Structures are given as C-alpha cells and as structure tokens.
1. Within segment 8-21, is there a residue that is of a type in the set (Asp, Glu) and free of Cβ contacts under 8 Å to residues at least 24 places away in the same chain?
2. Taking only segment 16-37 into account, find how many residues are assigned to a helix (DSSP H, G or I) and either aromatic (Phe, Trp, Tyr) or at pLDDT below 95 (or both).
3. Tell me whether segment 42-58 contains one or more residues that are surrounded by fewer than 17 Cβ atoms within 10 Å (Cβ to Cβ), among the charged types (D, E, K, R), within 19 Å of Ala9 (Cα to Cα) and out of contact with any helix residue (DSSP H, G or I) (no Cβ under 9 Å at 6 or more places or on another chain).
4. For Lys87, work out the one condition from (1) open to solvent by 100 Å² or more (accessible area, probe 1.4 Å); (2) touching a Lys or Arg at 6+ places or on another chain (Cβ under 6 Å) it doesn't fulfil.
5. Check whether at least one residue in segment 59-75 is under 19 Å from Lys6 (Cβ atoms), in contact (Cβ under 8 Å) with a residue 12 or more places away in the chain and part of a helix (DSSP H, G or I), and report yes or no.
6. Test Val62 against the criterion of being open to solvent by less than 60 Å² (accessible area, probe 1.4 Å) and under 19 Å from the mean Cα position of the chain (by Cα), and give yes or no.
7. Right, Ser36: closer than 30 Å to Lys74 by Cβ and among the polar types (S, T, N, Q) or not?
Amino acid sequence: MKSDKKSVAHKIKVARGQLDGVLKMIEEDRYCVDVSTQLLAAQALLKSANQQILEGHIRHCVSQAIASGDPGEKIEEALMILEKMAKV
C-alpha cells in the first residue's frame, strides 16, 4: 500500500471507535437521530480512508504501470473501485 499508512490507520481506528460507540448507543436505546449522526461520521471517515488508498494506488501503482507500458490491468482495477464507490 503506497498511501500514508499512519493517516489511513488513524482514520480506521477512529471509525472503529465510533462504531463501538454506536453499538453502545443502540444498547442504551439512545435517540435514533444521534445514532444515525454517529453512523454518518464513521462512514465519512471510512470513505476518506478509502479515497486516500485509491489515490495512492493511482499515484504509484497506476503510474508505474503506465511507465512500464502496460497500464491496462491497474487502470481497470482503479475504475472498478471508482464504480463501486459511486454506488455507495
């Protein structure tokens, strides 16, 4: 993985903490809107981490594939991920 591992790992850990908090909120029968707000915050962090990983892939893996003269597979992988991200 060529993205900033520390930054991505931090985002994932924070999202994990938020999800633990959401589970606790559900167990405590907290207000639905508050639970939903926390879920959205966790989703935003995961989306940001995913974008950062994909950006690293494009900047490094895809650019190396282009330089080697065979970018097809790496470009298709990136396009597949972008398509999946658009559906979410």
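The values are calculated or read from the model by the stated rules, or taken from the named source; none is laboratory data. Computed from a prediction, not measured in an experiment: that's the story for all the values here. Every residue, glycine among them, receives a Cβ derived from its backbone with ideal geometry; neighbour counts consider all protein chains shown. Note: accessible area is taken over every heavy atom of the protein model, side chains too, but ligands, DNA and RNA are not part of it. Shrake-Rupley method; radii C 1.70, N 1.55, O 1.52, S 1.80 Å.
1. Initial filter on segment 8-21 (of a type in the set (Asp, Glu)): 20.
Now narrow it down to the ones that are free of Cβ contacts under 8 Å to residues at least 24 places away in the same chain: 20.
Yes; the residues of segment 8-21 include at least one that is of a type in the set (Asp, Glu) and free of Cβ contacts under 8 Å to residues at least 24 places away in the same chain.
2. In the first step, residues of segment 16-37 are kept if they are assigned to a helix (DSSP H, G or I); the result is 16-27, 32-37.
Adding the requirement that they be either aromatic (Phe, Trp, Tyr) or at pLDDT below 95 (or both) leaves none.
Of the residues in that region, 0 qualify.
3. yes
4. Going through (1) open to solvent by 100 Å² or more (accessible area, probe 1.4 Å); (2) touching a Lys or Arg at 6+ places or on another chain (Cβ under 6 Å) one by one, Lys87 breaks only (2).
5. Kept after step one, since they are under 19 Å from Lys6 (Cβ atoms), are these residues of segment 59-75: 59-60.
From what's left, in contact (Cβ under 8 Å) with a residue 12 or more places away in the chain: 59-60.
Still in the list and also part of a helix (DSSP H, G or I): 59-60.
Looking for residues that are under 19 Å from Lys6 (Cβ atoms), in contact (Cβ under 8 Å) with a residue 12 or more places away in the chain and part of a helix (DSSP H, G or I), one finds at least one in segment 59-75, hence yes.
6. Details: open to solvent by less than 60 Å² (accessible area, probe 1.4 Å): yes; under 19 Å from the mean Cα position of the chain (by Cα): yes.
Judged against the criteria, Val62 is a match.
7. On the way: closer than 30 Å to Lys74 by Cβ: no; among the polar types (S, T, N, Q): yes.
The answer is no for Ser36.
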